[in-house]
Every structure is written in C-alpha cells, then in structure tokens.
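As structure tokens, the structure follows; a few thoughts come after it.
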Amino acid sequence: MDEKALPGRLPERDRPWVMRTYAGHSSAAATNALFRRNLAKGQTGLSVAFDLPTQTGYDPDHELAAGEVGRVGVPVAHLGDMRALFDGIPLADMNTSMTINAPAMWLLALYGTVAMEQGWTASMLSGTTQNDIIKEYLSRGTHIFPPAASLRLTADVIAHTLTTMPKWNPVNICSYHLQEAGATPVQEVGFALSTAVAVLDAVRDSGQVPAERMGDVVQRISFFVNAGVRFVEEIAKMRAFGALWDEITRERYGVENPKQRRFRYGVQVNSLGLTEAQPENNIQRIVLEMLGVTLSRDARARAVQLPAWNEALGLPRPWDQQWSLRMQQVLAYESDLLEYPDLFAGSHVMTALVDEIVTGARDELGTVLEMGGVVAAVETGYLKSALVASLAERRRRMESGADVVVGVNRFTETEPSPLTAAGAEAVEQVDPAVEAAATASVRRWRAGRDDAAVGAALARLRADAATTANLMPATLECVRAGVTTGEWAGALRQVFGEYRAPTGLAGAAGAGGDATLAAVRERVAATARELGSGRLRLLVGKPGLDGHSNGAEQIAVRARDAGFEVVYQGIRLTAGQIVAAAVEEDVDLVGLSVLSGSHLAAVPAVLAGLRAAGRADLPVVVGGIIPAGDAEQLRAAGVARVFTPKDFALTGIIDELVTVVREANGLR
C-alpha cells in the first residue's frame, strides 16, 4: 500500500514555514557576512536585529548611545550602512523581517531605496516591519514619540505600502513582549487585538485608504507572537487568536473575504524563559515551544525564528544560531508533521481551552475599548499595571515552587556543563572598537554630503509632520539627501515631542503570601532605625537605552513590599540623571539594571559620577545578563553586588540589599 495514501494524510505536504534566525551585531559588514552564512545553511528568510541607538533614533556618537552601539543588533545610521548590510543579497528574493518600531518608516525607506539601487522595484519586495509601537510603551521601551503621533506614523506606512509595496506587511502587531512582561494568554490575546483595532481605526480614520480597500489592509496585517513552554496552552492561544481576528475583521471592518481575514503570524519562541542555570535545558524548551506554533495546521505560524540555547548568557555565536535553524529543519523535513490535516480538529479538550481564552480575551478587549481604546489604556497606566501585576504573580509562583523551572528552583544538582566550559568563548564577543568605528563612520558620512540638501529635506519633514500629510515622501527625500537616523528622529522629536510611559508600579500587586518577606521587612525597619532614618531608600536606575524593564520593575515592587521607599524614574536615563536623582533623593542604595550588554560602560559612568558628586560612599549593585568575567571587573570597580538571571528569588535579593546597606554603614 502506498504510504502517502494512508487515511488522514494530506494529498500533498503542507509547505514549510519561513525559517529565520534573529541576527545582527557589531557592524553592517559583519552582519552581512552572518546573513550570507545563514542563507547558505538553508535559512529561508532574514530577521534583522538593530542595535538600541538605531531603534531609539540616535546616531552612534550621541551621549545616550555610549556603550550600546552594536550590542544587541546592527547599527544603521544612514543609507551607506543599509547598503553594506545587504551588499550582494538580492532583496527581491528575500523575505525580510525588521524589528524596528518607532523609526520603522525610516528603516523601511532605507531598505526600499537600497532595493531600487539593486535594480528592483518596490512592488517586488516582501517582508515585515515590526511596527507595533504600543507594546514598546508596555514592555520593550524603544518608543520615542507619544502614542497618537506614533500611530500616525504607522498609518502612514500602511497607506504607503498598500499602493507601492503590495507584498509587504507594513505592521507586525506584536504580542511577543507582552508575554515576557507578564501577560497571561488571555491578556496577550486581548491586549494585542486592542492594538490591532487601534491601528486599523487609525488607518480608516486617516482618510488615506478608501473604505472598499480595508480588506486589502487587513490582509497585510501580520502578528508576531511568543510561544512559551506550556505548548498545549500555546496551541489553544493561537487558535483563539485566529477565531477572534476573524470575528473582529468581519464585524468591525466589514471584511467579507475569508482569505483576507486569515490570521497571519510569525513567532519567536520565549527568550526570557531561557535559563542561565543548566543552559543545556534550553534546547528542549526551545523545541517544545516550537511545537506550540507548528503542531496545529489551522493555526500554524508562517514564519518561525528560534533563540539560541545561550541567550541567557550573552550574544549567540553563528554556530549557536545554526543549531536553532537545524531544529526547524529537522521538524519540517524529517518528521511527518506537514503531511496531515489539523491534529486537533474535533478535540473536546482543545475546543474548551480555546473557548476559555476567547471569552477572556474578548472581555479584555471590551474593557480597553470602553476606556477609549488602547492609547487611553496606555496613558492611564491600566495596561502596564496589569502586566506588572501578572508578572509579579508569575514570579511568586516560581519562587514558591508552584511553577517548576528545571535546574532553577528544582532539580538543581548538576554536572558541570560542557557547553559553558569555554567560559566567555561560549558567547559572541562584541569588540569595543565597534563603537569608535561607527562613530567615526557617521562623522565621515556627514562630512561628505550636501548640507543644503540635508537641511531642505529635514525642513520638509518637519513641515509635513506639522500637517496631516503622509510622511513617507518626505522621509524618502531625507534618505536620498543623506540624513542620518538620529537627524530624522530628531526632526520629528521637535514636532511630536518625546514620551515617557507610565511605569505601572503604582497599581502593582505585592508578594502576597511570601513567608520569608516578613523577616526581610523587619530587617529593613531595624536598619532604618539604626541609621536614624524613617525608611530605607532605594534608587532603581535603568542607564542607557536598554528598555527591558521587567526585572527592574519586579525588584522595585518587591523592595517596596519589604518596606523600602523606592525611587524609580523609568527607562533611558543618562549616568548624570541617575547620579543627580541619587543625591537629590538622598538614597541609601543605588540598583542599576542593564540587560543590553553595556554594563562595562554604563556602570563605571555612574560610579564616576557618584565620586564626583561626593557620594563615593553610596553602595551600588547591578543586575543583568553579565558574564562572570565582567562581574569580576564590576566588583573590582566598586560594585557591591552583581545579580544575574540565576538569582531568581526576589525576596532573597532584597534581603541581600539590606546586607549591602548595613555593610556600607558599618552596621553588624
């Protein structure tokens, strides 16, 4: 009997999803070489990671860019960098995803210009801009402008691509970082769909798209989701996403074509769920998370990118990325997964779980819409507070042991891992000279262009921004004139202003039944009495451009519950601002959170500032993704304690902070 004719098999295998690795570091030339190697290994799409200065609209020589250039992605400061990034790579043959939010219009204009220089037309290009700014206010922190202005930029990109780049996904509604910030499946679906409604409403209300073409807009909306290790629940979440998206686009926007209403999404499986302890366990986590978005044919991802096993340790090497790519290829080409219809059709268990998520997410969406929409829910702090509270509850379950994390809070006995035996060689190292080279490069670029053309292009951009005109034509003129990333964003900052999002701490829940917290609370109170102060004061600071604030917020919440008075001003602070706040608020301790790898630049800058301000006695602790060798350097420089992801017990960390204060003040 022909095996392919067995009952239940598809007449033809389903086509594999687009396979990507999220890549970019150091420089455009180095990243181009990495892209070429990955494509040669069978990768079928590109996913570009940009560094934090690029994502937040700064050039490499800006004060806030210090220590951040080339760390978590590739720096792209101008058209020349974009040319180098895709040199020799035919863009018409690529499906390129760009994780770039506030400056998405700018990077898309650079990309399209390079493609045309290669001889392609814009209509040939396919890919995605992750242009969901709402989640930046809630979780990732690379926003620049206020919500209304940001949505205007998104609507302009959508309207532009609708007519000139019909194969491009102009917006990627991103629930990925919502899950990392604490969202439950219900919140992830409900909040992401609230953002999608805001985007579609902005397009509809902009007057740039005829009503009869809203189906074409909906058809090009894609989503970018997270897949955690609870893969059965993740399958249900994706099926719920599809059901609600179909309902919303049909009922709210009148889209009648079911093909246009299809839920289209790509996925990166959960990076923050990876562990520094026993990192070999991350391999099975990644595989299980991949299954959550591939097993169900009716809700299968159309693009997948997997993290590497060592992302909790530092920047993955090319070999680590290859390992993750091979996981996808084994599943797609060696297994029989793609030969069958949906495996869960008719499952009573799956149907009930999907219905539960749909009901809860529909309620969350209704709550947000009743508040006036997702912008109002951001500005009032409702969404941020909900995520901080959910993440606090998730942390509580892990610390209590109710949620098991193998190798972290259970089964911690271990043999030395051969994967990390090489020490610092187990991760990619970014040469400190990268920043100096990028700074010199952008200055040479500025010196070699027509200043009059640059000035005219920026003047047009500012003038158009003050009206309701679509900003893509002015942005393309800026690209051709040689404007830099920082100049483009700076011009719009002058018109739109900047935005500091609510921190969400005010409404955050406490540690609840943490039995050890009472003892720590007593230590805090006793230490304050011995020092003759009313309360111990902790400054939590986020230096540089690192916007991943989840850890800092959870420390702030737990410290407040333990009796500290907490000073937390949010993300994206200079060393000078942190020092000024520490002196003005007369704090007892400074805690710095750095996850971008810039700790060897950011932390010494704060220490130097405190010495200059006459507060060298003020203890400083640091938390982040910090290799052991770097931790030794920080301690040698005067840092009192270094905490890394293996230090998961928040109450224990707060107890250690009390010890640091006592040591600094000569108390027993």
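The values are calculated or read from the model by the stated rules, or taken from the named source; none is laboratory data. The structure displayed is predicted, hence computed values, not measured ones. When we count neighbours, we look across all protein chains shown, and the Cβ atoms used for this are built from the backbone with ideal geometry, even at glycine. Protein only, heavy atoms only, side chains kept; ligands, DNA and RNA dropped before computing areas. Shrake-Rupley method; radii C 1.70, N 1.55, O 1.52, S 1.80 Å.
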Distance between the C-alpha centers of segment 522-553 and segment 307-373? Whole Å please.
37
At residue 456 and residue 397, where each label point lies 7 Å from the Cα along Cα→Cβ, what is the point-to-point distance in nanometres?
6.1
Just to confirm my numbers, what's the Cα centroid distance between segment 56-128 and segment 426-444 in Å?
17
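Quick check: residue separation of residue 349 and residue 212 times 0.36 nm, minus the Cα distance between them. What number comes out in nm? All intermediate terms of the calculation are to be shown ahead of the outcome.
On the way: separation 137, 0.36 × 137 = 49.32 nm, distance 3.94 nm.
Between residue 349 and residue 212, full extension yields 45.4 nm more.
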If amide H atoms are built 1.01 Å from N in the plane of the peptide, which residues on other chains or at least 5 residues away come under 5 Å of the amide H of residue 24?
49
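Provide the per residue accessible area, probe 1.4 Å, for segment 179-275, rounded to a whole number of square angstrom. Don't skip to the answer; put the middle values down first.
Working: 3320 Å² over 97 residues.
Value for segment 179-275: 34 Å² per residue.
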Give, in nm to one decimal, the length gained when the segment between residue 370 and residue 262 is fully stretched (0.36 nm per residue of separation minus the Cα-Cα distance).
36.3 nm
Students often check this: by mean Cβ neighbours within 10 Å, which of 182-194, 427-439 ranks highest, and how do the rest follow?
182-194, 427-439
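Filter the cross-link list 384/542; 41/259; 41/135 down to pairs whose alpha-carbon distance in this structure exceeds 28 Å.
Working: 384/542 17 Å; 41/259 33 Å; 41/135 33 Å.
Among 384/542; 41/259; 41/135, the Cα-Cα distance tops 28 Å for 41/259; 41/135.
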With every protein chain kept in place and ligands, DNA and RNA left out, what is the accessible area per residue of segment 322-418? Probe 1.4 Å, answer in Å².
53
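For an R0 of 51 angstrom, estimate the FRET efficiency from the Cβ-Cβ distance between residue 205 and residue 533 and round to the nearest 0.05.
Details: r = 53 Å, r/R0 = 1.05.
Efficiency, rounded to the nearest 0.05: 0.45.
Which helices pass in the chain if a helix is a full DSSP H run, must span at least 15 angstrom along its long axis by Cα, and must have mean Kyte-Doolittle hydropathy not below 1.0?
Details: long enough: 28-40 (18 Å, 0.21); 104-117 (20 Å, 1.29); 147-164 (26 Å, 0.61); 185-206 (31 Å, 0.72); 231-251 (30 Å, -0.12); 281-292 (17 Å, 0.32); 318-329 (16 Å, -1.71); 348-370 (33 Å, 0.44); 382-400 (27 Å, -0.51); 433-447 (21 Å, -0.01); 451-465 (21 Å, 0.53); 485-496 (16 Å, 0.04); 517-531 (21 Å, 0.25); 550-561 (17 Å, -0.78); 599-612 (19 Å, 1.36); 650-664 (21 Å, 0.95).
What comes out of the filter, once short or polar helices are dropped, is 104-117, 599-612.
With a 1.4 Å probe and all protein chains left in place, how much accessible area per residue does segment 530-581 have, in Å²? Walk me through the numbers on the way to the answer.
On the way: 1460 Å² over 52 residues.
The answer is 28 Å² per residue.
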Given a Förster distance of 22 Å, the FRET efficiency implied by the Cβ-Cβ spacing of residue 39 and residue 334, rounded to the nearest 0.05, works out to 0.60
Relative contact order, percent, segment 249-329 [alpha-carbon distance under 8 Å, six or more residues apart]:
31
Dipole magnitude of the chain about its Cα centre, charges +1 at Lys/Arg Cβ and -1 at Asp/Glu Cβ only, in debye to the nearest 20?
540
Sorted by packing (mean other beta-carbon atoms within 10 Å per residue), highest first, where do 492-501, 524-533, 563-572 land?
563-572, 492-501, 524-533
In nm, spacing of pseudo-spin labels at residue 613 and residue 667 (7 Å Cα→C-beta vector):
2.2
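Share of segment 276-431's accessible area from carbon and sulfur, percent, 1.4 Å? Show your work: numbers first, answer last.
Working: 3910 of 7150 Å².
Looking at segment 276-431 in its full context, I get 55 percent from C and S.
Could the peptides 150-161, 309-320 be put in order, highest first, of the mean number of other beta-carbon atoms found within 10 Å of their residues?
Values: 150-161: 23.9, 309-320: 19.8.
Highest to lowest by the protection proxy: 150-161, 309-320.
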Expressed as a rounded percentage, what relative contact order does the chain have, with Cα pairs under 8 Å and six or more residues apart?
16
Calculate, for residue 116 and residue 283, the FRET efficiency according to 1/(1 + (r/R0)^6) with r their C-beta to C-beta distance and R0 30 Å; round to the nearest 0.05.
0.10
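Given the Cα-Cα distance of residue 444 and residue 252 and 0.36 nm per residue of separation, how much length would full extension add, in nm? Provide the component values of the computation, followed by the final result.
On the way: separation 192, 0.36 × 192 = 69.12 nm, distance 5.11 nm.
Length difference between fully extended and current span is 64.0 nm.
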